[in-house]
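Written below as structure tokens is the structure these notes are about.
The values are calculated or read from the model by the stated rules, or taken from the named source; none is laboratory data. Quick caveat: nothing in here was measured; it's all calculated off a predicted structure. Neighbour counts run over all protein chains shown; Cβ positions are idealised from the backbone, glycine included. These area figures cover heavy atoms from the full protein model, side chains too; ligands, DNA and RNA do not enter into them. Shrake-Rupley method; radii C 1.70, N 1.55, O 1.52, S 1.80 Å.
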Amino acid sequence: MAVLSHEGTYPIMYGSWPIPVGAGHRTGYISRPDESGRVPVVLVLPGLLGMGSHEKDICRRLAREGFAALTIDLYGKSGDGLELYNALADERALAVLDELHQFVVSDDVDWNVEDRVGILGTDVGGRFGLIKAATRDWVRSLAVCSTPLTGDEDREHRVADYLDHLPVPVLGLYGAADELIDGSTVDEAQRRNEHGQWLLYDGVGHGFLDIDDDGFDQAAADDAFARLVAFFRASLAQPEIEDLG
């Protein structure tokens, strides 16, 4: 695929892929540079509605910037997003992420530059990414966008319990007018995670990064994506692209 001047550096390949999960496979989506060599990997964790066009678009855009990006259907079935999320045990979702990482470092994959990866979690997907970043050394850096930091008191894990225990670089991106997330919780996250960067965009809401959302904001989304690219470039290993002449 050709790359336009504003879309990044690399031509890319992308598509759906069956990801080994447990004894079976789970629908996934992979995008990476169409180049010989090895590149850093970012796991893109979907929000409440599950894996969709938004997550796939993020994967393709990251690939054009030199990353391999993977997303996966955490629910394993279709239905109402809120009902599926409420029925999804934290431990099961976290186990799926471990299995996704095992796929990345398996013999089936020869394009990852190192075993440690970055995570980008959108909405509730960021909960699982944040917990993994605090508890697994295979996470090298973490970015979250519009991820609730409270309201999970009845689940197995509470994200707030992990904010003081994030040993990796962190980037948090939020809308100051988010109708679902109190901006004061983002300020509290910054206080408890001093080495991270937690940003609030004035005047934008929960879905500011998703072009298909009514709350999409072009200026905030452009700035956020530029920050994401710079963040992962600084925190992950550099691509090792082979020149085949």
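Report, please, the projected area of the range 81-162 averaged over directions, based on the convex hull of its C-alpha atoms, in nm².
5.8 nm²
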**OP:** Could you state the accessible area per residue of the chain in Å², with a 1.4 Å probe and every protein chain left in place?
**Re:** 45 Å²
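Can you pull the Rg over Rh of the chain, Cα-only, Kirkwood?
0.94
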Subject >> Compactness of the range 1-139, expressed as Rg and Dmax over alpha-carbon positions, Å >> reply: 14.5, 43
**OP:** Please list, in chain and number order, the residues 5+ apart from Ala143 or on another chain whose amide H is under 5 Å from its amide H, with Hs placed from the backbone.
**Re:** Ile119, Leu120, Gly121, Leu171
Original post:
How large is ³J(HN,Hα) for each residue in the range 219-230, as worked out from phi by the Karplus curve 6.51 cos²θ - 1.76 cosθ + 1.60 (θ = phi - 60°), to whole Hz, x for Gly and Pro?
Top reply: 5, 5, 5, 5, 5, 5, 5, 4, 5, 4, 4, 5
Original post:
Whose amide H sits under 5 Å from the amide H of Glu240, counting only residues 5 or more places off or on another chain, with H placed in the peptide plane?
Top reply: Arg38, Val39
Original post:
Quick one: of the DSSP bridges fully inside the range 1-142, what percent are antiparallel, nearest 5?
Top reply: 55 percent
**OP:** Count the DSSP beta bridges whose two residues both fall in the chain, then state the antiparallel fraction as a percent rounded to the nearest 5.
**Re:** 40 percent
Original post:
What value, in deg cm²/dmol to 500, does the helix sum -39500 (n - 2.57) over DSSP H runs of n ≥ 4 give at 222 nm once divided by the residues of the chain?
Top reply: -9000 deg cm²/dmol
Original post:
chymotrypsin sites (Phe, Trp or Tyr not before Pro) within the range 145-245: which are DSSP loop residues with at most 16 other Cβ atoms inside 10 Å?
Top reply: Phe216
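Just check the range 162-245 against the gyration tensor rule for me: Cα atoms, a ≥ b ≥ c as the square roots of the eigenvalues, rounded for a/c under 1.5, and otherwise prolate or oblate depending on whether a/b exceeds b/c.
Judged from the Cα gyration tensor, the range 162-245 comes out oblate (a/c at least 1.5, b/c at or above a/b).
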**OP:** Could you go through the range 189-195 in sequence order and give the Karplus-derived ³J(HN,Hα) for each residue, using 6.51 cos²θ - 1.76 cosθ + 1.60 with θ = phi - 60°, rounded to whole Hz, and x for Gly and Pro?
**Re:** 4, 5, 5, 8, 10, 4, 7
**OP:** Report the net charge of residues surrounding Asp123, where surrounding means a beta-carbon distance below 11 angstrom and charges are Lys +1, Arg +1, Asp -1, Glu -1.
**Re:** -3
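Among residues other than Arg158 whose Cβ falls under 11 Å from its Cβ, what is the net charge (Lys/Arg +1, Asp/Glu -1)?
-4
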Subject >> In order through the range 70-80: 3J(HN,Hα) via Karplus (6.51 cos²θ - 1.76 cosθ + 1.60), integer Hz, x for Gly, Pro >> reply: 10, 10, 8, 7, 6, 7, x, 7, 9, x, 5
Original post:
Of the accessible area of the chain, with the probe set at 1.4 angstrom, what percent is carbon plus sulfur?
Top reply: 47 percent
